[in-house]
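*Asks:* This is the structure I want to talk about, given as structure tokens.
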Amino acid sequence: MKDPESPSHPTTQIKVYESAIDRWVIALLLLSPLTSAAIGVYCFANGKADDAAILFAAAAFTLLVSIAFTLPCRYTLTADAISIRCGLFVFYRITYNDIESVQRTSTWRSGPALSLNRVEIKTNQKSVIISPVNRDQFIKDLTDRLPRPKED
């Protein structure tokens with residue numbers, strides 16, 4: 001029998017799930033930089049180099065902001081918590097003891113998720129929406145790590 005505290009025990013191994021990404025999200029994130037760049041090319045071709053430079057700078061800036069807030073987007077199951085990372089600025093750590101429920105959802109609510117195939121993790125203080133690749137396997141792996149209620 002395996003020791004539950006051993007690193008080879010499935011509930012103590014670190015497991016990383018990348019975020020699923022919907023095509024429409026990619027299109028939405030690229031719309032502004034590509035539009036700015038296209039108009040910049042048009043301005044440059046019509047002899048308005050100063051206007052083109054501003055548009056190219058705007059395209060680069062919006063692309064960098066989009067990347068900074070979305071990549072990487074992943075969910076890491078550790079021995080005692082789930083770590084949620086989306087971009088350079090969003091980081092959550094939720095201990096398994098704090099999790100009250102885990103369920104599938106397709107909500108439009110904001111969260112560190114790049115797809116509408118989502119999972120809602122509820123704690124007694126908040127609800128976090130994420131979108132792991134292979135959602136059903138993620139839910140199984142996460143719920144396997146949650147503490148079991150003690151029997152009397």
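*Asks:* So is V41 without any contact (Cβ under 8 Å) to a residue 40 or more places away in the chain and in a helix (DSSP H, G or I) or not?
*Replies:* yes
*Asks:* Applying the selection to the range 81-108, what residues are more than 19 Å from D136 (Cα to Cα), free of Cβ contacts under 8 Å to residues at least 24 places away in the same chain and in a strand (DSSP E or B)?
*Replies:* If the condition is that a residue be more than 19 Å from D136 (Cα to Cα), free of Cβ contacts under 8 Å to residues at least 24 places away in the same chain and in a strand (DSSP E or B), then V90, F91, R93, T95 are the ones that fit.
Here's the yes/no breakdown for (1) surrounded by 14 or more Cβ atoms within 10 Å (Cβ to Cβ); (2) part of a loop (DSSP other than H, G, I, E, B); (3) among the small types (G, A, S):
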site: Y75; (1), (2), (3): yes, no, no
site: A79; (1), (2), (3): no, yes, yes
site: S110; (1), (2), (3): no, yes, yes
site: K122; (1), (2), (3): yes, no, no
site: D136; (1), (2), (3): no, no, no
site: K140; (1), (2), (3): no, no, no
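*Asks:* Which one of these is of a type outside the set (G, A, S), buried (at least 18 other Cβ atoms within 10 Å of the Cβ), more than 16 Å from the chain's Cα centre (by Cα) and closer than 24 Å to V25 by Cβ: T62, T70?
*Replies:* That would be T62, the only listed residue that is of a type outside the set (G, A, S), buried (at least 18 other Cβ atoms within 10 Å of the Cβ), more than 16 Å from the chain's Cα centre (by Cα) and closer than 24 Å to V25 by Cβ.
*Asks:* Quick one: in the range 124-134, of everything that is assigned to a strand (DSSP E or B) and among the hydrophobic types (A, V, I, L, M, F, W, C), which residue is farthest from E18 (Cα to Cα)? Spell out the reasoning first.
*Replies:* Step one: filter the range 124-134 for residues assigned to a strand (DSSP E or B), giving 127-130, 132.
Retained after the next criterion (residues that are among the hydrophobic types (A, V, I, L, M, F, W, C)): 128-130.
Numbers: V128: 16, I129: 14, I130: 10 Å.
Across the range 124-134, the extreme among qualifying residues is V128.
None of the figures in this text is laboratory data; all of them are computed from the coordinates on show. Small disclaimer: the values here were computed from a predicted structure and weren't measured. A quick note on method: Cβ atoms are made from the backbone with ideal geometry, for glycine too, and the neighbour counts reach across all protein chains shown.
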